[in-house]
Structure formats: C-alpha cells, structure tokens
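Before any comments, here is the structure.
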Amino acid sequence: MTAPLLQVEDLVVEYGRGRHGFRALHGVSLEIASGECLGLVGESGSGKSTLGKAVLGLAPVASGAIRFDGEEITHARGARRRALAADVQVVFQDPYGSLDPAMTIGDILAEPLTAAGVGTREARGRVAEMLDRVRLPLTAAERYPSEFSGGQRQRIAIARALVRRPRLIVCDEPVSALDLTTQATIIDLFIELQRDTGVSYLFVSHDLGVVRRICHRVAVMYRGEIVETGDGEQVTRAPAHPYSERLRLASPVADPALQRQRRQDWLAIREVPGVTAPVR
Ligand code: ADP
Ligand code: MG
C-alpha cells in the first residue's frame, strides 16, 4: 500500500499559553490520499481553519505530527517551509481580500514562479496556461483584481494556487462567499482540475451540500475533534453521529416548507444529551 499524501496524527493545537491558553484541536488524526478530496465540515469555531493552518505551518502545534509524502513537516520553517509551497497551496474564502489590488492578474500569477527562480518567459507561458485552465481570457493578465467579480476572483486565486503544480491544496471555505450559481461553477472547476491534475484537496466547508458534490470522503469536526469520518454520500445523507446530523439539517434547501421543518429538527438536536451548540 502506498503511504497517504497527507497524514495528520494526534494533532493538538493550542493558542496562547497557560491560564489564557485555548486548545483548538484535541488530538486530530486524518489522512488524504493522492488525488483524493477530503471534506472537513463542522460549525463555525469547530477548528477547521486551524487544521488547515497547521498543515500550512501557520498554527501553534503543541503535539502530534503532520507528514507530507512520508516526511514529517509539522515544524518545518524557513527554507524547508518555502520549498513546501511548491507542493502545498491554499485557497481562502475571501476572493476580495486575498488578491493584491495593486498587482495585475499576470503579476499575481507569475509571482510564485519568479520567486521560485522560474524565468520570466516560462512564467508568462505558465500564466497563460493557468488562465486557460480556470476559463479566464488571456486578456485578464493585464487587468486588476477590482475589475473582476467574486467568482472570477476566486478563479484567479485558484489559478495562483495551481501555478506551481502543487500536490495538495487546502481549500478553506472557497465558495462560501459566493452566490449559489457561482458556487456551482467554481465547484465544477475544482472537480475538473482535480480530474486533470490529480491534485488532492483538504476541502473545508460548513456546508454539507457543497462537500457532497466534490468530496470522496468527509470528516466531521466538533469542538476540535473529529467525531465521524466516512464516505461522502454516507456522512452527508445518513450521518451516524448526532452532531453530523445537526450539520446536515443546517444545510439550506430551496423549498421553504422543508427549510422550516429542517430548522425545527435542527433545534431539536440541540437538546440531545452531549450534543450542545458551541458556546459563543
Ligand atoms: P472554524 O474554521 O471551524 O470556524 P477556527 O479554526 O477558526 O474554526 O477556530 C477554532 C477555535 O480556535 C475558535 O474557538 C477560535 O476562536 C479559536 N482561534 C482561532 N484562531 C485563534 C487565534 N489566532 N488565537 C486564539 N484563538 C483562536
Ligand atoms: Mg474557518
């Protein structure tokens, strides 16, 4: 059996120390195979982004291990961490905040390449290839982020994540800020890119409907722990854990009557012993 591409083992993340410390992850373990999409779902504050940040080396890991392609990267810093950027990339939720408004799209996409020592000519060719992959016209290279819609900006962010041909992309709520129609086209793009390049995704979302469409497997996070992992269809349609069921009910549906019923069922599950809403 080949080793998983990403392996997270018993990961503990603590923000701050001592009395003021907060344990955001309580021993999380998961694996992602090459070419696989693992969904990570859970309510706001459950620790999804923290896990994504830990993989990117941006969270304070107290114990446990993260291995990429068999190599431990938990505490990789400096040159090793910069080298990892070729293999592990990220797409964030906010298509407005994540692109430098003063740079052209061409420069935004070329920058990760030129920073890694790729020549300008080759970089320009690769930028054209990436624009084509995300279905933006070549003329987009000369324009600025403000000239694009939210969905188009997310295409640009995806192109930037792909430009160094990474093997894993951490996608942190990448469609949550988009309207439903745009969400659907961006999800299709993620699926197509995975099929064409074999890239793996750690796909963070609070929306089971989104995750069902794109993910092979789903892990459900609750208060810093993974409470259920399984096949995407099974976890999203017939969850075993009451908390996963609560998430299922929280996922919006178009029919208003059904939506009202779901809301009531969702509230009822708050009362299940041991399954309380995160305190806010
Ligand atoms: P999610 O992405 O599921 O909404 P997060 O990983 O962002 O959850 O946050 C998990 C918990 O960790 C939350 O309670 C949040 O307040 C806390 N947290 C996140 N980042 C920090 C930080 N930099 N310092 C202190 N607490 C943090
Ligand atoms: Mg988050």
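We did not get these values from a lab; they are worked out from the coordinates using the rules stated. Values in this document were obtained by computation on a predicted structure and should not be read as measured data. Because the Cβ atoms are built from the backbone with ideal geometry, glycine has one as well, and the counts that use them run over all protein chains shown.
The table below lists the values:
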| read-out | value |
| --- | --- |
| Trypsin sites (Lys or Arg not before Pro) lying in DSSP loop within the range 1-96, provided at most 15 other Cβ fall within 10 Å | 17, 77 |
| Computed Rg/Rh of the range 93-165, alpha carbon atoms with Kirkwood Rh | 0.93 |
| Inverse mean reciprocal Cα-Cα distance (Kirkwood Rh) of the range 1-77, Å | 13.0 Å |
| About the Cα centre, charge dipole magnitude for the chain (Lys/Arg +1, Asp/Glu -1 at Cβ), debye | 440 debye |
| Orientation-averaged projected area, Cα convex hull of the range 135-261 (nm²) | 9.4 nm² |
| Per-residue HN-Hα couplings for the range 31-48 [Karplus 6.51, -1.76, 1.60; θ = phi - 60°; Hz; x = Gly/Pro] | 9, 10, 7, 5, x, 9, 10, 9, x, 10, 10, x, 5, 3, x, 7, x, 4 |
| Relative compactness, the chain, computed as alpha-carbon Rg over 2.2 N^0.38 Å | 1.04 |
| Amide H partners (placed H, <5 Å) of residue 14, local residues excluded | 24, 62 |
| Table column - 3J(HN,Hα) (Hz), the range 82-90, Karplus curve with 6.51, -1.76, 1.60, x for Gly and Pro | 5, 5, 5, 4, 5, 9, 10, 10, 9 |
